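Read the figures in this text as sums done on the coordinates, not as results from a lab. All values reported here derive from a predicted model rather than from experimental measurement. Glycine gets a Cβ as well: all are built from the backbone with ideal geometry, and neighbour counts include every protein chain shown.
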Amino acid sequence: MKKIEAIIRPHLLDAVKNALQEVGVAGLTVTEVRGFGRQKGHTETYRGSEYKIDFLPKVKIEVALPLEMVDQAIDAIMKTAKTGKFGDGKIFVLPLEEVIRIRTGERGESAL
Amino acid sequence: MNTRRILRILIGAGGGAVLLSLALPVYAQEAAAPPGISGGDTAWMLTSAALVMMMTVPGLALFYGGLVSHRNALSTLMHSFFLLCLISIQWVLFGYTLSFGADHSSLFGGLDYLGFQGVGQEPSGTATIPHLVFAMYQGMFAIITVALITGAFAERIKFSAFVLFSLLWATLVYDPLAHWVWGGGWLMKLGALDFAGGTVVHISSGVSALVAAIVIGKRRCYPDKALPPHNISYTVIGAGLLWFGWFGFNAGSALGASGLAALAFATTHTAAATAGLAWPLIEWMHHGKPTVLGAATGAVAGLVAITPAAGYVTVPAAMAIGVGVCFVCYFGLNVLKPRFGYDDTLDVFGVHGLGGTWGAIATGIFATKSVNPAGADGLLYGNASQLVTQLIGVAASWALAAAGTLVILKLVNLVVPLRVTAEEEITGLDLTLHGEMAYNFLEPGMSGISSPTLRESSYTPISATGDAASGD
C-alpha cells in the first residue's frame, strides 16, 4: 500500500478530485497549507510599507492507495494539476504500513 | 514595601476619595427653560454630541482595530471603549471645569464646575443651548483626543499603564490646552483660530503619540517581522463612521444650527472628498496601485486638516487644504517614518500630528472674514499676522504635548512598567491582557466551560448521541 501526498494549487482541487474519482479513488483528505518553492511570494503595500509574503496558500491532498493504483492516480493528478508555470506543486509517494477502518475494524487493503 | 506598591496604594486611596466626593449635595435645577434657548440649536448640538461620541466608538475603534494583528484586535477596541467610559467620568468630575471654568492666569480654568455643579439646563452666558449640552459636547472631544493617542502604542502597552497615562494626560495636557484655545486662555486671547480642534485635538494627540512611540519603543516585530493589517474592511467602515461623525465634530463647533454650521459642513465634506481622491492618486503614481487603505487614510487626513479651518475658510479653499494634507502626510508616512525608524504603529503623528499642523497653518493662509466675521483674514487676504499667530498656537501645542507626555510617561513608569513582556507581546494582548480572543473558529469538542458549580448542580449533561444522560 502507498500513500500519495500532493501539494497543488487551491483552485484546481475540484478538477484533481474528479480525476482521482474517475480512476477509482474512493476517498481523500485535504488540508489547507502554505508553502513555497520556485514560485515567488507576493508583496502587499499598506500605507507605503511593503510586506513581503513568501508563504503562498496551497492545498495538500492525501490519498491511501493499493500499489496497482498508484501510477493511474499520479497520471490523474499530473493531467489536472499542471499549468506549466512555477507553483504547480509536487507529488510525494510514501510507503504505507497499515490502514484500519475505524467503523468496522478492517485492516489492510480491504480498509482502503 | 517598595516604591511601586506604595504609589499604587496612594493612587487607589486617591481614586476612592474622588468617588466619595460624589456625595456632594445636589443643587436644585431651574424649573422652566429660560428664553435664551433655541430649539434648533439645541437639537443640532445634542445630535452633534452623539455624532462625536460615535467617532470614538465604533468609528476610531474599528479604524484602529482593523490595522493591527488579529491577536491584538480586542485590546485595540478596548482602548477606545474603555476611554469612552473613563474620560466621560473624568470630564464630569473635573475635566470640564479645568477646561472651561473661570480663567486663572490665562493658563487653566477654575473649579467652578467641579462635579458638574452649576452646569444646568439654562444656557451659560449668551449661549443658545443648555449649559449641559455644551459641556457634554465638549466632553466627547476630550474622549476622542485621548483615544487617538492609543494608536502609537498599540500591540505593546500594558493596560494599567495605559489607564494611568490616559487619566493624567487628559487632566494635565488636554484640559489646559482646551482652556488655552477655547476656554478663555492665552491662545484664545492672542487670536489663534482653531474652529474645531486642529491644535487641541489633532496636534496634541499626534505629537504626544510620537513621543509615546519613542519612549515606549518599537514593537519587537517592527519593522522586519511586522504583520500587515488583519482586517482593512473594519478600517474602511471606521473611516466612514469617522467622516459621518466629523459633521458633528466640525459643523457642531458652530455651536448652533446656523449658516456657519452649514459652511463648516460643506468645507469638512469637501476637504475629506478631495483628500480621499488625492491620496490614492499619489499612490497610483508612486507605487502603481491605488489602495482602499490609502483612500480611507486620505479622507481622514483631509478631515483632520480642515478641522481648525472649517468655519473660517471658503469651500474651494477646503479643496486646497485637502490636497495639501495629502502631500504633507504622505511624506510623513513614507519618508519621515522609515527614515527615523519610530514605531508610531497606527500613524497618529503621521496623520493627526502633521495633518493638524498643516491645517492650523492653512487656516492662517486661507481664513477670510467674508465667510465668518468672527474669524480673521489670512495670508491670502493680505494679513500675514494671522499666520504668525497660528504658528504660535502650533508651537505651544507641540510643546505642551511633547513635554507633558514625556513627563507623564516617566511618572507612570514609576508605578508600573509601560510595556508587556516579550512573551505577552508575541502571544498577543487579547489573550494575555484580557483573556479573550477576537476570532474563535473552533469546532464542537475543542472547548468547554469548566465550572465546579455547574457540575455540582442538578445540571444534566447531554451525551454524544444527543439524549440527556440517565441520572448520576
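A few remarks follow.
- Residues that are over 23 Å from the mean Cα position of the chain (by Cα) and crowded, with 24+ Cβ neighbours inside 10 Å, drawn from segment B:279-288: B:GLU283
- Number of the condition not met by B:LEU336 [criteria: (1) within 13 Å of another protein chain (Cβ to nearest Cβ); (2) under 21 Å from the mean Cα position of the chain (by Cα)]: (2)
- For the residues B:THR345, B:THR270, B:THR314, B:THR291, the requirement of being under 26 Å from B:TRP44 (Cα atoms) and either within 24 Å of the chain's Cα centre (by Cα) or within 14 Å of chain A (Cβ to nearest Cβ) (or both) singles out B:THR270.
- Output for segment B:294-311, where each listed residue is within 12 Å of another protein chain (Cβ to nearest Cβ) and of a type outside the set (A, V, I, L, M): B:GLY294, B:THR297, B:GLY298
- Per the conditions (1) assigned to a loop (DSSP other than H, G, I, E, B); (2) in contact with a Lys or Arg (Cβ under 7 Å, 6 or more places away or on another chain); (3) of a type outside the set (Phe, Trp, Tyr), the sole criterion not satisfied by B:PRO373 is (2).
- From the options B:ALA192, B:ALA154, B:ALA127, B:ALA178, residue that is closer than 17 Å to B:ALA399 by Cβ, in contact (Cβ under 8 Å) with a residue 60 or more places away in the chain and not in a helix (DSSP H, G or I): B:ALA192
- Residues that are of a type in the set (Gly, Ala, Ser) and in contact with a strand residue (DSSP E or B) (Cβ under 8 Å, 6 or more places away or on another chain) within segment B:162-201 comprise B:GLY183, B:GLY184, B:GLY185, listed in sequence order.
- Under the condition of being buried (at least 16 other Cβ atoms within 10 Å of the Cβ) and more than 16 Å from B:LYS189 (Cβ to Cβ), the residues counted in segment B:102-120 number 6.
- Filtering segment B:400-416 for residues that are under 14 Å from B:GLY191 (Cα atoms) and part of a helix (DSSP H, G or I) leaves an empty set.
- Evaluation of B:CYS329 against (1) more than 24 Å from B:SER69 (Cβ to Cβ); (2) surrounded by 21 or more Cβ atoms within 10 Å (Cβ to Cβ); (3) among the hydrophobic types (A, V, I, L, M, F, W, C) (one fails), failing number: (1)
- Members of segment B:204-241 found to be in a loop (DSSP other than H, G, I, E, B), more than 17 Å from B:ARG71 (Cβ to Cβ) and away from every other protein chain (no Cβ under 14 Å), listed by number: B:GLY217
- One residue from A:LEU28, A:LEU13, A:LEU20, A:LEU56 being away from chain B (no Cβ under 14 Å), closer than 30 Å to B:THR235 by Cβ and surrounded by 12 or more Cβ atoms within 10 Å (Cβ to Cβ): A:LEU56
- Taking the criterion of being more than 14 Å from chain B (Cβ to nearest Cβ), exposed (fewer than 15 other Cβ atoms within 10 Å of the Cβ) and more than 22 Å from A:GLU98 (Cα to Cα), the residues of segment A:31-53 that qualify are A:VAL33, A:ARG34, A:PHE36, A:GLY37, A:ARG38, A:LYS40.
This table checks each residue for (1) buried (at least 21 other Cβ atoms within 10 Å of the Cβ); (2) in contact (Cβ under 8 Å) with a residue 24 or more places away in the chain.
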| site | (1), (2) |
| --- | --- |
| B:ALA261 | yes, yes |
| B:THR268 | yes, yes |
| B:ALA273 | no, yes |
| B:LEU277 | no, no |
| B:PRO290 | no, no |
| B:LEU293 | yes, yes |
| B:ALA296 | yes, yes |
| B:VAL304 | yes, yes |
| B:THR307 | yes, yes |
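- Matching residues, segment B:207-259, being of a type in the set (Lys, Arg) and surrounded by fewer than 21 Cβ atoms within 10 Å (Cβ to Cβ): B:LYS218, B:ARG220, B:LYS225
- Residue check for A:GLU68: without any contact (Cβ under 8 Å) to a residue 24 or more places away in the chain and within 14 Å of another protein chain (Cβ to nearest Cβ): no
- Single residue of A:ILE53, A:ILE91, A:ILE4 found to be hydrophobic (A, V, I, L, M, F, W, C) and closer than 27 Å to B:LYS289 by Cα: A:ILE53
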